[in-house]
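As structure tokens, the structure follows; a few thoughts come after it.
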Amino acid sequence: MRQFTPKDNVQKKAYFTDRFRIQPSIPKHKVETNETFQKQLEALKAYVEPLDTYIEANQWVIWIKPEENKQTLEAMKAIGYENLSELSAVDFIAQKQGFEVFYQLLSMCHHTRARVKCFVPQNETLQSVESVYKSANWAEREMYDMFGILIENHPYMKRILMPDDWHGHPLLKTYPLLGDEAAQWYEIDTLFGKEYRDVVGPEQRDPARVDLEDTTNFVRIRHEVPKGASYANTPIEQEYQEEEGVFGVKKVRKAQTKTLKERR
Amino acid sequence: MENQIPNRLEPFFENIAFERDDNRMVINMGPQHPSAHGQLRLILELDGERVAKVVPCVGYMHRGMEKMAENMIYNEFIPTTDRMDYVAASSNNYGFALVVEKLIDIKVPRRAEIIRMMLLELNRISSHLLWLATHALDVGAMTIFLYAFREREYVLDLIEDYCGARLTHSSIRIGGVPLDLPTGWTKQLEAFCEKFPKDIDDYEGLLTKNRIWKMRLEGVGVVTAEQAKSWGCTGVILRGSGIEWDLRKEEPYALYDEVDFDVPVAKAGDSYARYLLYMEEMRQSVRILKQLIRLYEESEPGIIADVPRYISAPKEQIMTQNYALMQHFVLVTQGMRPPKGEVYVATESPKGELGFYINSQGDPYPYRLKVRAPSFFHCGFYQEWMVGEYLADVVTIIGNSNIILGEIDR
């Protein structure tokens, strides 16, 4: 029977999992257990009502509605989180048809870190937070580039790492590691045109392509020959100058070399 | 040449756009530019000699490391992290090892922490030396380039003696380090620590009061504290604008709370202030290294954590005990399965705050790994940073901001 391969997540998966395996989780603590976070939560509640909030690995996690992201981050900035360290998404399209977007914040005055999270359904947009934290400018562009989450009111919503005419968003779980068809033919399509795919052919497509089977006996230095050819089984002295010598260069033999004990 | 396919590329004179209504000139700098320190392209709009608008373009070295991480077991990813900030590879190895250790919640033996810290500080020195060499070369000081590379060679020799590699170290494992220090290594390190402060004096003698150096750096690329916070600047750029924030002090990891060192801070926020900070940081690194030699001699042997569930047992156990061998086999073929959850851990790399975010669904492969590269945000800041500066000072700012394109594009 042919093996079933899921199409919604083509990333590498564990080939075997014990069916009695119990999956542990990082413990999530209530915000009440930490005095600093408790105070910050009370201050935050004056602005927005979080959907869920807890402490995970000593960092405060706040779940919000996606449409309240800018409002929440403004509030967080007012509380003392003056630095947006990172912003990105996690693809959960296969499980729940959307992305988890996180905003990783740092408060230098309170010495705490917090993560604001929201769930963005597929094909929905998100408000830009560039006006609150400037560091979101490039981070949002990267998120759009990698996941295709469109950001509204961004000053320059353009791809950042991939070329402007790239097809697809590489960090989606549906995107294969070695690229989809458009990615594999990208250079040929842009340089010559799609109609030349057949002329060039898959062998010539990739200039870095290595044919692993074109030669044989490669492990023995200077004995490598084209596949199928016969090779002499005579040992070759591995010294790096020809017998006749090179003009002005003295021949070094292995026996004559010496190793220094200390650097000079 | 009958097999040649005609290509669609047309000549495109992108360098100069003369015809503009507002009398401004658009020039293209890079991606192949000697002072771009990699593949960085800047599209500059000039108003006379001053920069009116900058659009930095990155991505020429994008290798999809985050995608690769999703398709690798945790241990497999360590050599890939080397290729991010390739002038200080161990600091990336450490950042990744630390976030996984936080995820699986284990404690690393003391000696391993000391060896890691030695590597981190050596990497900091090597990175700062490369920064000094190339930045000075960009600005016009040739001599300092040769001096700094000479001392960098000593640092690389030390690292090579430890792990066998000079550039891509892979010298740190999840749960510890692969090897103990070789015999006599601390003696060599001590000799280096004695020698190096004098060399820093030499660099400072050449540069600190040098009139040309001061003219090129003073008042150039000023960063205010507000800008630094808002644009996510970290490391020396943040400290150069008067904010005392070094993760080694503020959120101490490894044994940074046991060693004495100062965090230099400057108020001016210009390139010259940052230059002075870099020099002082190298001195502080030497100070840390000297203390680490003493700590190393007092420490117990033991370089990898004893958590057979996540990390392979020591070789002796694997070779003598059946169960350790079985666990090792599973860890090598399937990989470790950390608990479900998400963590973000930041370390102070030579460039700034290097953070790793991991979302684990309990599989041997991370469900999502995000690298917070300091240079990415520093490069994004160019859009505001360079506006109003002279065209000649663009090179100073690129060099001074210490960006590494391998880290920006990942």
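Here are the numbers for the structure shown:
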read-out	value
Cα-based helix-to-principal-axis angle, B:185-207 vs chain B, degrees rounded to 10	10 degrees
Mean Cα-pair separation over length for the stretch A:11-152, i.e. relative contact order, pairs under 8 Å, 6 or more apart, %	19 percent
Relative contact order (%) - chain B, alpha-carbon pairs under 8 angstrom, separation at least six	25 percent
Rounded, prolate or oblate (a/c below 1.5 giving rounded, otherwise prolate when a/b exceeds b/c) for the stretch B:189-235 by Cα gyration tensor	oblate
Cα gyration tensor shape for the protein assembly as shown, rounded if a/c is under 1.5, else prolate or oblate	rounded
Sum of side-chain charges, residue B:263 neighbourhood, beta-carbon under 15 Å (Lys, Arg +1; Asp, Glu -1)	-4
FRET efficiency for residue B:191 and residue B:166, using Cβ-Cβ distance with R0 set to 22 Å, rounded to 0.05	0.70
Alpha-carbon centroid distance for the pair the stretch B:276-348 / the stretch A:137-187, whole angstrom	36 Å
Neighbourhood net charge (15 Å Cβ-Cβ; Lys/Arg +1, Asp/Glu -1) for residue A:167	-4
Residues of the stretch B:330-363 with amide N under 18 Å of the 7 Å Cα→Cβ point at residue A:177	B:331-338, B:359-363
Charge dipole (the protein assembly as shown, unit charges on Cβ, about Cα centre) - positive-most of A:138, B:100, B:38	B:100
Test item: A:76-82 mean partner chain Cβ contacts at 10 Å	1
Residue among B:324, B:367, B:405 farthest towards the positive dipole end of the stretch B:303-410, charges placed on Cβ	B:324
Exercise: per-residue mean of other protein chain Cβ atoms within 10 Å, B:334-344	5
Residue A:153-residue A:5 FRET efficiency (beta carbon distance; Förster radius 41 Å; 0.05 resolution)	0.55
Approximate spin-label separation residue A:38-residue A:67, in nm, with each point projected 7 Å along Cα-to-Cβ	3.4 nm
Estimated dipole of the protein assembly as shown in Debye, rounded to 20 [Cβ of Lys and Arg +1, of Asp and Glu -1, Cα centre]	1380 debye
Label-to-label distance, nm, for residues given as residue A:212 and residue A:232 (7 Å Cα→Cβ offset)	3.1 nm
Relative contact order for chain A, counting Cα pairs under 8 Å that sit 6 or more residues apart, in percent	12 percent
Gyration tensor verdict on the stretch A:11-152 (Cα atoms; rounded if a/c is under 1.5, prolate if a/b is larger than b/c, oblate otherwise)	oblate
FRET efficiency, residue A:191 to residue B:153 (Cβ-Cβ, R0 51 Å, nearest 0.05)	0.75
Flagged links, alpha-carbon separation over 18 Å, of A:12/A:173; A:13/B:315; A:258/B:187	A:13/B:315; A:258/B:187
Computed helical MRE - 222 nm, chain B, DSSP H runs ≥ 4 contributing -39500 (n - 2.57), nearest 500	-15000 deg cm²/dmol
Neighbourhood charge, 14 Å Cβ-Cβ cut-off, centred on residue B:343 and excluding it, Lys, Arg +1 and Asp, Glu -1	+3
Using alpha-carbon coordinates, inclination of helix B:391-400 to the longest axis of chain B, degrees	10 degrees
Degrees, to the nearest 10: B:110-139 long Cα axis against longest axis of chain B	10 degrees
Average accessible surface area per residue within chain B, 1.4 Å rolling probe, Å²	40 Å²
Shielding by other protein chains, A:88-100, mean Cβ within 10 Å	2
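The values are calculated or read from the model by the stated rules, or taken from the named source; none is laboratory data. Worth saying up front: this structure is predicted, and the values here are computed from it rather than measured. Cβ: placed from backbone, ideal geometry, glycine included. Neighbour counts: every protein chain shown. Ligands, DNA and RNA are stripped out before the accessible areas are found, and what is left, the full protein with its side chains, is counted by its heavy atoms. Shrake-Rupley method; radii C 1.70, N 1.55, O 1.52, S 1.80 Å.
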